[in-house]
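One structure is given here, and the rest of the page talks about it.
The values are calculated or read from the model by the stated rules, or taken from the named source; none is laboratory data. Quick caveat: nothing in here was measured; it's all calculated off a predicted structure. No Cβ is skipped: glycine too gets one built from the backbone with ideal geometry, and neighbour counts run over all protein chains shown.
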Amino acid sequence: MGRDGPVLVINAGSSSVKYALFDGGLNEILAGSVEIAPEDSAWPRAGAKRPPGGAAGRCPAVPPDMSPDHAQALARILARLEDKALPVSALAGAAHRVVHGGARLTAPCRITPETLAGIRACIPLAPLHNPHNLAAVEALAALAPDLPQFASFDTAFHATNPPVARRFAIPEYLHKSNIRRFGFHGISYRALVDDFPAPLPERLLALHLGNGASICAIRKGRSVATTMGCSPLDGLTMGTRPGSLDAGAVLEIVARLGLEEARDMLNRRSGLLALSGIGADMRALLDSDAPEAAFAVEHFCYWAARHAGSMIAAMQGVDAIAFTGGIGENAEPVRARILELLAWTGVARENIHVIPAREERRIAADALQLMRGDA
């Protein structure tokens with residue numbers, strides 16, 4: 001295995017596994033994705049039991065353009081590379097996006113059994129993300145056991161937040177058991193800093209707006225505060241997540257629904273979806289004439305601007321504003337409304353930027369730096 005070969009970047013989610021291949025100069029060679037079939041689309045699934053009374057012949061099949069699980073998705077990706085004359089043996093390594101690294105995994109690293117244990121321990125804090133990140137790592141290890149694998153963590157960029165920003169006002173023993181603020185979208189924010197038109201402003205308000213959304217206060221290139229907290233549920237209104245909730249409201253929801261139902265509702269059935277009754281896709285909401293859709297969009301913008309004020313306070317001012325992420329890059333009406341609500345900051349038009357998210361490239365760069373450092 002040559003260290004100068006290309007790096008395969010994997011971004012595994014519940015509904016797809018995205019991949020990109022970069023050469024040693026961080027030029028993207030190819031990219032794509034493999035869709036994962038919904039959980040109820042076929043039986044039996046890996047690790048799943050057949051439902052009581054279920055008959056195999058009566059269950060829908062997995063569509064031919066989808067994979068039933070992450071293992072087969074990774075196998076399909078490797079087959080695509082093989083078709084491009086890029087066998088596993090030609091790769092220098094594989095690099096993964098991992099959402100939650102906890103308090104210990106605060107820098108990119110080569111994946112070891114200890115790393116896997118750390119990722120697994122954070123599953124309760126990121127139940128929509130870490131299980132799929134972990135599944136991709138383990139699937140690729142089974143398919144290509146000699147291929148070095150690396151991880152970059154969305155929480156790592158925020159490790160520079162001061163203690164006063166990280167600590168909840170709860171007993172010490174709970175704080176030490178990972179009940180604290182971590183922050184997310186860190187790979188995106190680090191890539192934004194890398195790609196920012198020089199010179200980087202001292203106080204940068206960065207908004208990563210997508211189905212998941214957050215804001216980061218970046219001072220002198222380092223995160224000093226961010227809106228997401230212990231999990232990706234906190235902060236801004238999101239596609240299917242509510243953003244900030246009073247702890248008393250959460251306790252009441254759990255009392256009414258039970259823990260598992262409440263967890264599912266807060267992660268998958270809240271946010272823009274709940275407010276609009278239409279869906280979580282910002283494009284559909286902007287195109288809709290329904291008053292509920294307009295209210296959902298306004299809720300998204302209002303809370304983005306309101307949380308932005310908190311981030312500006314953490315930096316003691318703001319010199320520039322940058323948008324990234326699918327909504328941040330493509331939804332001009334959303335950007336315009338947020339900027340209207342932030343007009344009081346006095347940030348000039350030339351200091352407002354739209355920067356494409358380049359997370360995969362940043363992940364590839366992390367892996368290459370680790371490999372070259374080992375050389």
- Count of segment 109-145 residues which are over 29 Å from Ala262 (Cβ atoms) and in a loop (DSSP other than H, G, I, E, B): 4
- Query: Are any residues in segment 69-114 in contact with a Ser or Thr (Cβ under 8 Å, 6 or more places away or on another chain) and either on the phi > 0 side of the Ramachandran plot or of a type in the set (Asp, Glu) (or both), and if so, which ones?
  - Reply: Gly102
- Query: Looking only at segment 124-150, which residues are closer than 30 Å to Asp4 by Cβ, free of Cβ contacts under 8 Å to residues at least 60 places away in the same chain and touching a Lys or Arg at 6+ places or on another chain (Cβ under 8 Å)?
  - Reply: Leu134, Gln149
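Consider Ala364 carefully, then state whether it is farther than 26 Å from Leu245 by Cα, under 22 Å from the mean Cα position of the chain (by Cα) and either among the β-branched types (Val, Ile, Thr) or modelled with pLDDT under 95 (or both).
Working: farther than 26 Å from Leu245 by Cα: yes; under 22 Å from the mean Cα position of the chain (by Cα): yes; either among the β-branched types (Val, Ile, Thr) or modelled with pLDDT under 95 (or both): no.
When the stated conditions are applied, Ala364 does not pass them.
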- Expected output for segment 237-265 (first residue within 16 Å of Pro124 (Cα to Cα) and in the same structural domain as Gly279 (by TED's automatic domain parsing), partner among the hydrophobic types (A, V, I, L, M, F, W, C) and surrounded by fewer than 14 Cβ atoms within 10 Å (Cβ to Cβ), Cβ below 9 Å, 6+ apart or cross-chain) is Ala262/Ala255
- Task: Could you grab me the full set of residues in segment 136-160 that are surrounded by fewer than 22 Cβ atoms within 10 Å (Cβ to Cβ), touching a strand residue (DSSP E or B) at 6+ places or on another chain (Cβ under 7 Å) and within 21 Å of Met315 (Cα to Cα)?
- Result: Thr160
- Filter segment 98-112 down to the residues that are of a type outside the set (A, V, I, L, M) and modelled with pLDDT of 95 or more, then identify the one that is surrounded by the fewest Cβ atoms within 10 Å (Cβ to Cβ). Thr112
- Across segment 331-353, what is the total count of residues that are in a helix (DSSP H, G or I) and in contact (Cβ under 8 Å) with a residue 12 or more places away in the chain? 9
- Task: With respect to Trp303, determine if the residue is closer than 29 Å to Val164 by Cα and under 23 Å from the mean Cα position of the chain (by Cα).
- Result: yes
- Note on the structure: When every residue in segment 305-326 that is touching a Gly at 6+ places or on another chain (Cβ under 9 Å) and part of a helix (DSSP H, G or I) is compared, the one surrounded by the most Cβ atoms within 10 Å (Cβ to Cβ) is Gly325
- Is there a residue being over 22 Å from Gly309 (Cβ atoms), crowded, with 19+ Cβ neighbours inside 10 Å and not charged (D, E, K, R) anywhere in segment 206-221? no
- Query: Hey, does segment 304-319 have a residue that's closer than 19 Å to Gly212 by Cα, basic (Lys, Arg) and either out of contact with any helix residue (DSSP H, G or I) (no Cβ under 7 Å at 6 or more places or on another chain) or at pLDDT 95 or above (or both)?
  - Reply: yes
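Among the candidates Glu340, Glu292, which residue alone is surrounded by fewer than 18 Cβ atoms within 10 Å (Cβ to Cβ) and closer than 21 Å to Leu275 by Cα? Explain how you work it out, then say what you get.
Values: Glu340 fails: closer than 21 Å to Leu275 by Cα.
Being surrounded by fewer than 18 Cβ atoms within 10 Å (Cβ to Cβ) and closer than 21 Å to Leu275 by Cα holds for just one of Glu340, Glu292, which is Glu292.
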